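The values are calculated or read from the model by the stated rules, or taken from the named source; none is laboratory data. Quick caveat: nothing in here was measured; it's all calculated off a predicted structure. Note that we place each Cβ from the backbone using ideal geometry, even for glycine, and neighbour counts take in every protein chain shown.
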Amino acid sequence: MLQYLTKRIFLAIFTTAVILTVSYVLLRLAPGDPTRSSVIGETGGENLSAEHGAFRSNEAMRRKLHLDKPIYFGLGHWFINLAVRGDLGESVAVDPGRPVVELIMARLPVTIMLNAWAILLTYLMAIPIGIYAAVYPDSVFDRLTTVILFFLYSLPPVWVALVLQAGLCEGGLFPVFPLKGAVQSAQIGMSSWRIMWNSMSGFVLPVICLSYGGFAALSRYSRSGMLDVLGQDFIRTARAKGVAEHLVLFRHALRNAMIILITIFAGLLPGLVAGSIIIEYVFSINGMGTLSLLALNSRDYPLQMALFSFGSGLTLAGIMISDLLYVAVDPRINFSSR
């Protein structure tokens, strides 16, 4: 196992390096200059000192980001800072001068909480529905859930978020949930239940918007995986031996059907974080999604590279967790054979 994990860690490091190299090259080749000041071009020659000062500021920023050097030089300098000092740089546009690690750590808890609840809700609802639909195929429940889930899967998250805001948020038809923000401030005199509701109500609608698409897809995968396993010989043998039906379903069938669900988990984890960009923007949540959008709009190279590092690490971590879970659910899989 140690040999396998060591091999996978080295492979993950190499893959991350390739991803970051491609990302940096694409950032540098993209049109536009992230250091260009709005002062230049607006002075119209009337304020030469302001224009000259902006030019000098831009040149200093270009030297700081190594934009005046070839691409390979800037890339090498970024990798050296990361490997030797663990430094991802400082923000140049979103919050100038502040380390990008601090920016990410300040926004990360909200995004983690949103996505943790979304993943938990997705699996807790999708697996039972998929199992029941597989045990009773072509039943009324199976056909009804098929129609409903395909309908849910086709709905754009941004449209669903706006509809929920119009119907269930402050200023809507039924003002139950807050319109903006994930954590609402508590006021003096509030009861404990009211304070708890304030801390949770802002997560309800964003979590629904993040989870319904994955829930619809996962339930279909769960159903197809269970149907495939239930038709195999060892299930018929277990039933012929008189094994109780609940043991056949949950001890024999479900463990084998979990393989496909674990495989989907590897892509579901980074997919939810990427999808939270839209949801966080619509609900005005200060998380990783809005931070990514700010970095993209402002062309903040250090922050963008840090976010690329985080995203690639999350993807590779999801794949490694999936590999470890394979062994947990299926003893026939071992690390020596991989």
Inset, instruction - Answer yes if at least one residue in the range 93-109 is in contact with a Lys or Arg (Cβ under 8 Å, 6 or more places away or on another chain), surrounded by 14 or more Cβ atoms within 10 Å (Cβ to Cβ) and in contact (Cβ under 8 Å) with a residue 24 or more places away in the chain, and no otherwise. - result: yes
Inset, instruction - Answer yes if at least one residue in the range 94-101 is closer than 18 Å to TYR221 by Cβ and among the aliphatic types (A, V, I, L, M), and no otherwise. - result: no
Legend entry - Tally, over the range 257-295, of residues that are of a type outside the set (A, V, I, L, M) and at pLDDT 80 or above: 9
Legend entry - Condition check for LEU205: touching a strand residue (DSSP E or B) at 6+ places or on another chain (Cβ under 6 Å) and either at pLDDT 85 or above or of a type in the set (Ser, Thr, Tyr) (or both): yes
Inset, instruction - Taking the residues in the range 89-136 that are in contact with a strand residue (DSSP E or B) (Cβ under 7 Å, 6 or more places away or on another chain) and of a type outside the set (D, E, K, R) as candidates, determine which candidate is modelled with the lowest pLDDT. - result: GLY97
Legend entry - Yes/no for PRO175 being over 19 Å from the mean Cα position of the chain (by Cα), surrounded by fewer than 16 Cβ atoms within 10 Å (Cβ to Cβ) and either closer than 30 Å to LEU254 by Cβ or modelled with pLDDT of 90 or more (or both): no
Inset, instruction - Determine whether LEU121 is outside the structural domain of LEU27 (by TED's automatic domain parsing), surrounded by 15 or more Cβ atoms within 10 Å (Cβ to Cβ) and under 30 Å from VAL229 (Cβ atoms). - result: yes
Inset, instruction - Could you identify the single residue in LEU82, LEU120, LEU124, LEU88 that is in a loop (DSSP other than H, G, I, E, B) and of a type outside the set (Gly, Ala, Ser)? - result: LEU88
Inset, instruction - Return yes or no: is ILE148 in the same structural domain as ALA253 (by TED's automatic domain parsing) and surrounded by fewer than 16 Cβ atoms within 10 Å (Cβ to Cβ)? - result: yes
Legend entry - Filtered residue count, the range 76-92, keeping only those that are farther than 16 Å from ILE13 by Cβ, exposed (fewer than 15 other Cβ atoms within 10 Å of the Cβ) and within 25 Å of the chain's Cα centre (by Cα): 0
Legend entry - Sole residue being in a helix (DSSP H, G or I) and surrounded by fewer than 19 Cβ atoms within 10 Å (Cβ to Cβ), chosen from ILE279, ILE259: ILE259
